[in-house]
Every structure is written in C-alpha cells, then in structure tokens.
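The next block holds one structure in the form of structure tokens; read it before the comments.
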Amino acid sequence: MFVGTVIYAVINSVILALMAIGFNLTFGISGIANFAYGALYILAAFVAWMLVYLMGLPYLIAAGFAVALNLLLGALMYRFILMRLRGQALSEVIATFGIGLALLEVFRYLGFVGFEYNLPVLIDRSFFIAGTYVDAQRIFIVFLSIFLVILLYLFTHHTATGLAFRGIAQDERTALTFGIDSDKVATLSVALGAGLAALAALVIIPLGSISVGEGYDVLVNALAVCIIGGLGSNGGLVLASFLIGFAQRFTDTYIGSHWTMIVSLAAILLVLVIKPSGLFGKQKELEERI
C-alpha cells in the first residue's frame, strides 16, 4: 500500500505541475495573475466534449481546436481588457476572476452538470509497476509534463521570442530600450498560459469527468503551487508540486479525501506567514520593504 501511495503521489505531483505551469508562465513573464485560469481549463474540456460528441470529430482534432480557441481567447482577453488595466494588480485580479466566474456560471446555467460529461482517454490500458496498477493515461501525463518542461526551457533560452520573454520578466524598462514590445510579449504570455491550461485539461480530465466546480479547484491548486514555489519560478513550481502532491496523496490515503483541498489552502497560509515570496520567489520580503 505504501509503495502504491508513493507512486500515485509522484503522478499527482506531476499533474499539479501540469495544471499550474500555464498560470506560472503568464505571471512570470507579464506579472499578470490570471484568475480566469480555472475557467479556461474547463472551457477547453467542454469545447472538446461538444466537438467530439455533438459534431463527431476525432478527439485529437477536437483537442487541437480547443487549444487554439484558448490561445485566441487569452490573446483577446489581454488586448481588450488587461492591457487597459496593466500595472493595476488588484484590477487585473478582479477582472480576470470576474471573467472566469462568468464563464463557469454560464456552463452551470446551460445545464452542463453531471457525470455524463467526460473525455476519452488516449491509451486505454494499464501497466503493473512495483506491485501497483497504473493506467497508461497517467503515464502519458508524466512524460508529457517532462516534455513540456524541457520544451519551455529550450523555448525561453534558445529562441528570440523566448529571450524577449525573459528580458521583459527580468527588467521591463531595460527590455523596452532594446525595442522589445512589452504588450506583444504580455499578449503572447497570456495566450500561451491559456493554451497550456487547455492542454492540461485535455489530458487530465479523461481521468474523471468534466465539472464546473473543478474550475475553482484547478485555480486553487495552481495558486497553491505557484505561491509556495514562488510566483514565476519554474524550479519552485516543480518543488512545490511535489510537496503538495505528496501531502495531498498521503492525506487522502491515511486521513480522508475531504482534507486534501484543506492541505493546499493551509500550505498557502503557512508559506505566506513564514516566507511570503515563496520558496524560490523573487519578490521582496517584508523586512526588505521596511
């Protein structure tokens, strides 16, 4: 039982990292905390479901459309709303949270509730690992997450656009003097964050069913991972994902499943009290601001 718990704790940690990577990317580059992230996650799942079950499209094509739609919505959200609020952190949070709330409640109003809304798994088989059955979908998620982390590293370190991303993230004013368009970079960062949310939904949700309430859970988990690891820190995101992932899995196994979300919220509060910038955060600590 213990070995099985450890195996699923690792998988849970990787799932959390995949859930949060888009939120972390957007904040790390543009400084925008996209609180519509959970809603965009659910939107992609429902769009894929409608394309597959109502229009009869193959799942991979439906998934491509869902990711493309999220990329477009992320770009439009920045261009028509967030660009006008840039630099006003509280207004950005309120605006994105309002957008996310509206999206989720529209789905609830339209009756998209119940266990019948689900997405097909990509590989329908299981493997026996160290005495524990693990389905192929979870194994695929692990390899996809590793691939995405490597791809994002190569993108941000070895492409012109990626280097522009890093320049804006490190010092926006200096980047502007080199001709880097901060609004263009921010548009791309919000769009990519939304696209990564869609990609995460399309591989994670087949493990269960599509639920409007899951949008809020995804947002809480993404916030927990990013705050504990340090907003904008990729290394912190990976470490925080494993800390929370193991804590949630062991809590679920040995205490009770209804305590798992409380673990995430308690972890956020504890880190904010002890180290407000997160484990690898670059924000100034309280004593540095006084």
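Just a few scattered comments:
- Qualifying residue in the stretch 76-87 (condition: of a type in the set (Phe, Trp, Tyr) and more than 22 Å from Ile21 (Cα to Cα)): yes
- Scanning the stretch 96-140 for residues that are in a helix (DSSP H, G or I), polar (S, T, N, Q) and closer than 17 Å to Ile205 by Cα gives a single hit, Gln137.
- Residue selected from the stretch 206-231 under the condition outside any helix (DSSP H, G or I) and among the polar types (S, T, N, Q), by the criterion surrounded by the most Cβ atoms within 10 Å (Cβ to Cβ): Ser211
- Verdict on Leu69 being surrounded by 17 or more Cβ atoms within 10 Å (Cβ to Cβ) and either without any contact (Cβ under 8 Å) to a residue 40 or more places away in the chain or within 21 Å of the chain's Cα centre (by Cα) (or both): yes
- Screening Val203 against (1) closer than 28 Å to Tyr53 by Cβ; (2) more than 16 Å from the chain's Cα centre (by Cα); (3) surrounded by 12 or more Cβ atoms within 10 Å (Cβ to Cβ) leaves a single unmet condition, (2).
- Val106 being in contact (Cβ under 8 Å) with a residue 60 or more places away in the chain and either aliphatic (A, V, I, L, M) or surrounded by 13 or more Cβ atoms within 10 Å (Cβ to Cβ) (or both): no
- Condition met for Ala197 (of a type in the set (A, V, I, L, M) and in contact with a Gly (Cβ under 6 Å, 6 or more places away or on another chain)): yes
- Of residues in the stretch 168-189 being in a helix (DSSP H, G or I) and among the small types (Gly, Ala, Ser), the one nearest to Glu92 (Cα to Cα): Ala186
- Answer residue from the stretch 232-290, given it is among the basic types (Lys, Arg) and either in contact with a Pro (Cβ under 7 Å, 6 or more places away or on another chain) or surrounded by fewer than 12 Cβ atoms within 10 Å (Cβ to Cβ) (or both) and is modelled with the highest pLDDT among those: Lys284
- Every condition in (1) modelled with pLDDT of 80 or more; (2) surrounded by 13 or more Cβ atoms within 10 Å (Cβ to Cβ) holds for Thr159 except the one numbered (2).
- Hey, Pro120 surrounded by fewer than 19 Cβ atoms within 10 Å (Cβ to Cβ), free of Cβ contacts under 8 Å to residues at least 24 places away in the same chain, closer than 21 Å to Leu144 by Cα and out of contact with any His (no Cβ under 7 Å at 6 or more places or on another chain) or not: no
- Among the numbered conditions (1) without any contact (Cβ under 8 Å) to a residue 24 or more places away in the chain; (2) over 14 Å from Ala194 (Cα atoms), the only one that Leu76 does not meet is (2).
- Unique match (being under 21 Å from Ala36 (Cα atoms), among the aliphatic types (A, V, I, L, M) and touching a helix residue (DSSP H, G or I) at 6+ places or on another chain (Cβ under 8 Å)) among Leu202, Leu239, Leu243, Leu207: Leu202
The values are calculated or read from the model by the stated rules, or taken from the named source; none is laboratory data. Computed from a predicted structure; not experimentally measured. Every residue, glycine as well, gets a Cβ built from its backbone with ideal geometry; the counts of neighbours run over all protein chains shown.
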